[in-house]
Structures are given as C-alpha cells and as structure tokens.
Amino acid sequence: MSNATLKKIGVLTSGGDSPGMNTAVRAVVRACAYYQIKCVGIKMGYEGLIQNQMSELGARSVKHIINRGGTFLQTARSDEFRTKEGREKAYKHLKSNGLDALIVIGGDGSFTGANVFFKEFGIPFIGIPGTIDNDIFGTDFTIGYDTALNTVIEAIDRIRDSATSHNRIFFVEVMGRDAGFIALNSGIASGAQDILIPEKKDSLEGLFQSLEKSEQAGKNSSIIVVAEGEELGNAFELAKATEMRFPDYDVRVTVLGHIQRGGNPTCMDRVLASRLGVAGVEGLLEGRTNVMAGLRSNKVVYTPIEEAIKKHNEIDKELIKVAKILAV
Ligand code: F6P
C-alpha cells in the first residue's frame with residue numbers, strides 16, 4: 001500500500017495534555033519535512049478545526065520544543081466536535097486548508113472523535129497515544145506516562161522524608177480516572193505499604209490489616225498510594241476511615257493532581273514520542289488509516305482504532321504480587 005496523493009496533513013493534540021506531546025508534534029512536523037509533505041498545526045485540538053485556527057509548520061517551527069512539557073499547539077476537549085454541525089464546520093475548514101489526512105495525538109476520547117469524523121467524511125487519520133494514564137490498548141506505553149511516574153516517585157520520596165520524621169501514615173492520591181497503572185508502578189517504585197487501584201477489589205478491612213501488619217513489623221510510617229479511580233473512596237475518605245479505626249495514628253493526605261501532567265518529558269517519553277510521530281507520518285504514507293501507532297515489545301505496531309478504543313490494557317498481576325511481597 002502507498003499513498004502518493006498525500007500532500008498535506010494536519011496534526012493536533014487533544015484531551016488532557018501529557019509531557020512528550022510537543023516532542024511528538026515535532027516528530028510529525030520533521031517527518032513531514034523529510035518526506036516532503038506539508039504539515040499544518042491545528043490549535044486547541046478539534047476546536048482549531050472548527051474555528052479554522054491552523055498554520056503551516058516547517059522543520060524549524062518546532063525547534064526547541066523537544067524538551068518542553070505541555071503542548072504548544074494547546075489542547076481541548078471539544079463539545080462542539082461531538083455534534084454533527086461541529087464536525088461539518090471542521091470538515092469545511094479541513095478542505096479549505098487542503099488537508100488530506102490527520103494525525104491525532106491524544107487518548108481514546110480523541111480517537112473516538114477522529115473515527116466518527118472518518119466515518120462521516122472519509123478523512124484518513126492515525127492516532128498517537130498521548131496520555132499520562134497508560135490506559136490505551138495497543139501500546140505498552142503512552143506518551144507522558146513515564147514522565148508522570150518519575151514526577152510521582154520524586155514527590156513520594158519527599159513525602160517519605162516527612163512521614164518517617166513524624167511517624168505518620170500518608171495517603172497519596174495519584175491520577176488515573178479509570179486506571180491504576182500510575183498508582184501501581186509508582187507505588188512499587190516508592191515502597192508503598194499498600195496500593196489501591198480500580199482494577200483490583202480492595203476492602204477497608206484489607207487496608208486496615210495491611211496497616212496493622214506494618215505496625216507489627218516495626219514500621220513507624222507507611223505510604224498508601226491511591227489511584228484517583230479507586231472504588232473504595234478517595235484519599236480523604238480512606239484517611240478518615242483509617243483515623244476512625246486507629247485513633248492513635250497520625251494520618252495525612254497528599255493529592256498530587258496536575259503536577260503529574262507537567263514537566264519536561266523523560267528520555268523514554270521523548271524517544272517514544274519521536275518514534276510514534278515518525279510512525280504516524282509513515283503509516284499515512286503507506287496508506288494506513290483508522291489505526292493507532294504504538295509500541296509493543298519495543299517495536300512500532302499499528303492497532304485498528306476501534307480495538308484501541310474498546311479494549312483495555314490489563315494490569316499485570318505479577319506487579320500486584322510484587323507490591324504485596326515487598327510490603328512484608
Ligand atoms: O490525562 C488523564 C487524566 O490525567 C486523568 O487521570 C484525570 O482524571 C484527568 O486527566 C483529569 O483531567 P482534566 O483536569 O483535564 O479534566
């Protein structure tokens with residue numbers, strides 16, 4: 001397959017920002033320059049298509065952004081693009097700007113939008129997974145996840161200093177609306193006593209037993225990492241329940257929030273974003289559409305977008321076991 005008619009593509013970032021999105025845009029723009037295709041940067045995700053906010057980007061227009069967090073194209077969750085009228089406006093501007101295809105950097109919500117757009121107007125597109133949550137099927141890692149993990153463990157290392165100095169229990173809430181990848185991996189890497197994630201059935205009794213075990217084992221402080229999407233409750237609710245059960249414990253809560261979304265991308269995220277940006281452009285040139293470029297076992301693979309949207313990455317049970325063993 002090849003697509004010799006591909007002359008001009010648009011690139012946008014959509015949904016929540018993630019560190020490495022800039023690196024991915026740079027890779028798309030430079031790969032276009034390399035293959036002599038025109039590249040247009042669309043501002044604010046699908047909003048920029050609807051409002052006709054886009055401009056041509058050459059290799060030099062993406063200089064000095066490889067290391068910058070956020071996305072210089074900016075991003076949005078567009079309500080208007082969810083409507084037929086909104087998508088019609090987007091199509092009109094896409095055509096008036098001569099765009100033949102799109103590269104969408106974002107999460108499953110952004111891919112769903114692109115897929116609907118394709119079905120209505122036949123605009124080829126390739127998705128690139130950009131989210132800190134790592135919850136997209138078809139890639140071992142999403143762009144931004146590694147940076148977020150490193151931000152989280154740096155924060156928890158600091159919290160540990162205070163926890164041990166005061167003999168305290170800390171509940172640290174990390175992002176992951178529907179997924180526990182950040183919590184599980186950062187929890188292991190920061191030596192958490194317990195890790196609460198939506199993918200496993202947790203109970204208050206189990207948490208209390210773990211805290212009692214920790215005390216009996218001679219620990220004078222504990223860190224409990226809680227994923228934002230944990231069904232048992234948020235960090236404040238869990239801390240409250242713990243204080244009621246153990247009135248002698250000194251309990252504190254830290255919600256890391258959007259700190260996790262910012263900062264310079266790590267080397268791993270930069271390399272991932274660079275590879276997937278190039279793969280996005282090459283995929284379109286090969287005539288692929290409705291696929292997501294991802295990395296599996298360190299190889300670039302293209303996954304049908306509907307699979308990427310519908311299927312879910314499974315949490316590795318071995319990691320849950322490791323966390324449990326090491327909390328002895
Ligand atoms: O980027 C994904 C995510 O971090 C989720 O884990 C979180 O729930 C959500 O974004 C919050 O995003 P926003 O503040 O942009 O609504």
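Find out how many positive minus negative residues lie around residue 123, taking Lys and Arg as positive, Asp and Glu as negative, among other residues whose Cβ is under 13 Å from that of residue 123. Counting the neighbours of residue 123, the net charge comes to +2. Taking 15 Å as the cut-off, the amide N atoms of the range 99-132 that come nearer than this to a point 7 Å along the Cα-to-beta-carbon line of residue 310 belong to 112, 115-116.
Placing a pseudo-label 7 Å from each Cα along the Cα-to-Cβ vector at residue 161 and residue 178 gives an inter-label distance of 3.8 nm. Rolling a 1.4 angstrom probe over the protein heavy atoms with all chains in place gives the range 276-317 an accessible area of 49 Å² per residue.
Normalised by the residues of the chain, what does the relative contact order come to in percent, with Cα pairs under 8 Å and at least six apart? Answer for the chain is 24 percent. Accessible surface for residue 314 stands near 150 Å², nearest 10, in the context of the full protein assembly shown (1.4 Å probe). With both residues required to sit in the chain, DSSP beta bridges show an antiparallel share near 20%. This model, with +1 at the C-beta of Lys and Arg and -1 at the C-beta of Asp and Glu, gives the chain a dipole about its Cα centre of some 1420 debye. Taking each DSSP H run with n ≥ 4 as -39500 (n - 2.57) and averaging over every residue of the chain yields -13000 deg cm²/dmol at 222 nm. Between residue 219 and residue 56, what is the spin-label point distance in nm, taking each point 7 Å from the Cα along the Cα→C-beta axis? About 6.0 nm, to one decimal. Of 188, 209, 153, whose Cα points farthest to the positive end of the dipole of the range 146-261 (charges on the beta-carbon: +1 Lys, Arg; -1 Asp, Glu; origin at the Cα centre)? Result: 153. Near the amide H of residue 10, within less than 5 Å, lie the amide hydrogens of 40, 100, 101, 102, 103, all on another chain or at least 5 residues away, with H placed in the peptide plane.
For the residue pairs 92/310; 43/92; 8/95; 43/89, the C-alpha atoms sit more than 22 angstrom apart in 92/310.
Surface composition of the chain: carbon and sulfur atoms hold 51% of the protein heavy-atom accessible area at a 1.4 Å probe. Helices meeting the span-like rule in the chain (full DSSP H runs, Cα extent of at least 20 Å along the helix axis, mean Kyte-Doolittle score of 0.0 or higher): 267-285.
When each of the peptides 21-30, 271-280 is scored by how many other beta carbons lie within 10 Å of its residues on average, the order from highest to lowest is 21-30, 271-280.
Remark: the range 160-301 carries a charge dipole of roughly 560 debye about the Cα centre, counting +1 on each Lys and Arg Cβ and -1 on each Asp and Glu Cβ. Amide H contacts under 5 Å for residue 253: 171, restricted to partners 5 or more places along the chain or on a different chain, H placed in the peptide plane at 1.01 Å from N. Charge tally around residue 198: other residues with Cβ under 11 Å, Lys/Arg +1 each, Asp/Glu -1 each, net -4. Average accessible surface for the range 146-261: 46 Å² per residue, computed with a 1.4 Å probe over protein heavy atoms with every protein chain in place. In the context of the full protein assembly, residue 166 retains an accessible surface of approximately 100 Å², using a probe radius of 1.4 Å and ignoring ligands and nucleic acids. Within the range 287-302, name every residue whose backbone N is under 16 Å away from a label modeled 7 Å from Cα of residue 318 along the Cβ vector. From the range 287-302, the list is 297-298. GNM on the chain, alpha-carbon springs under 10 angstrom: the most fluctuating residue among 180, 86, 144 is 86.
For residue 226, nonlocal amide neighbours, meaning residues 5 or more places apart or on other chains whose placed amide H falls under 5 Å from its own, are 172, 173, 174, 196.
Residue 219 sits among other residues whose Cβ lies under 14 Å from its own Cβ, and their net charge, with Lys and Arg +1 and Asp and Glu -1, is -1. The alpha carbon gyration tensor of the range 146-261 gives principal lengths a ≥ b ≥ c with a/c of 1.5 or higher and a/b no greater than b/c, which makes the shape oblate. If you wrap the tightest convex hull around every Cα atom of the chain and split its volume per residue, you get 123 Å³.
The values are calculated or read from the model by the stated rules, or taken from the named source; none is laboratory data. These numbers come from a predicted model, not from an experiment. We place every Cβ from the backbone using ideal geometry, glycine too, and count neighbours over all the protein chains shown. Only protein heavy atoms, including side chains, enter the accessible area calculation; ligands, DNA and RNA are left aside. Shrake-Rupley method; radii C 1.70, N 1.55, O 1.52, S 1.80 Å.
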